[in-house]
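**Q** Before I ask anything, here is the structure I am working with.
The values are calculated or read from the model by the stated rules, or taken from the named source; none is laboratory data. The structure presented is a predicted model; accordingly, all values stated were derived computationally and were not measured. Because the Cβ atoms are built from the backbone with ideal geometry, glycine has one as well, and the counts that use them run over all protein chains shown. For the accessible areas, the whole protein counts, side chains as well, though only heavy atoms, and no ligand, DNA or RNA atoms are used. Shrake-Rupley method; radii C 1.70, N 1.55, O 1.52, S 1.80 Å.
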Amino acid sequence: MSAAGPRPDATRCPLCGEANRCAIELERESGQAQGPCWCMQTPIPPDVLARVPAYARGLACICARCASGLAPSPSGSAPG
């Protein structure tokens, strides 16, 4: 582990820990070519990206649920 933080699991969302379904990681694990990752065509709000821990930025994709803003807030309270 480095001083910057733990090495992220590239197959998991760094915000919620669920599988992120990253096409790049699926290709790496399976050896089978994948199409472009869903996240390359999906706009992700800046406030969601800002929640990604510094040690995981550029190393682990967030999941579609977190990217859409539907995941629970970090405080554990749901909106509404």
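**Q** Taking the condition at pLDDT 90 or above, open to solvent by 40 Å² or more (accessible area, probe 1.4 Å), small (Gly, Ala, Ser) and more than 13 Å from Ala60 (Cβ to Cβ), does Gly31 pass?
**A** yes
**Q** Starting from region 43-67, keep only residues that are part of a helix (DSSP H, G or I), then list their pairs with residues that are open to solvent by 10 Å² or more (accessible area, probe 1.4 Å) and of a type in the set (S, T, N, Q) whose Cβ atoms are within a distance under 8 Å, requiring at least 6 positions of separation or different chains.
**A** Sorted first by the residue in region 43-67, then by its partner, the pairs are Tyr55/Ser2; Ala64/Thr42; Ala67/Thr42.
**Q** I need a count of the residues in region 34-52 that are touching a Pro at 6+ places or on another chain (Cβ under 8 Å) and either open to solvent by 70 Å² or more (accessible area, probe 1.4 Å) or over 13 Å from Cys66 (Cα atoms) (or both).
**A** 1
**Q** Sticking with this structure for a sec: Residues of region 1-28 being surrounded by 15 or more Cβ atoms within 10 Å (Cβ to Cβ) and of a type in the set (S, T, N, Q), which ones?
**A** Selection gives Thr11, Asn20.
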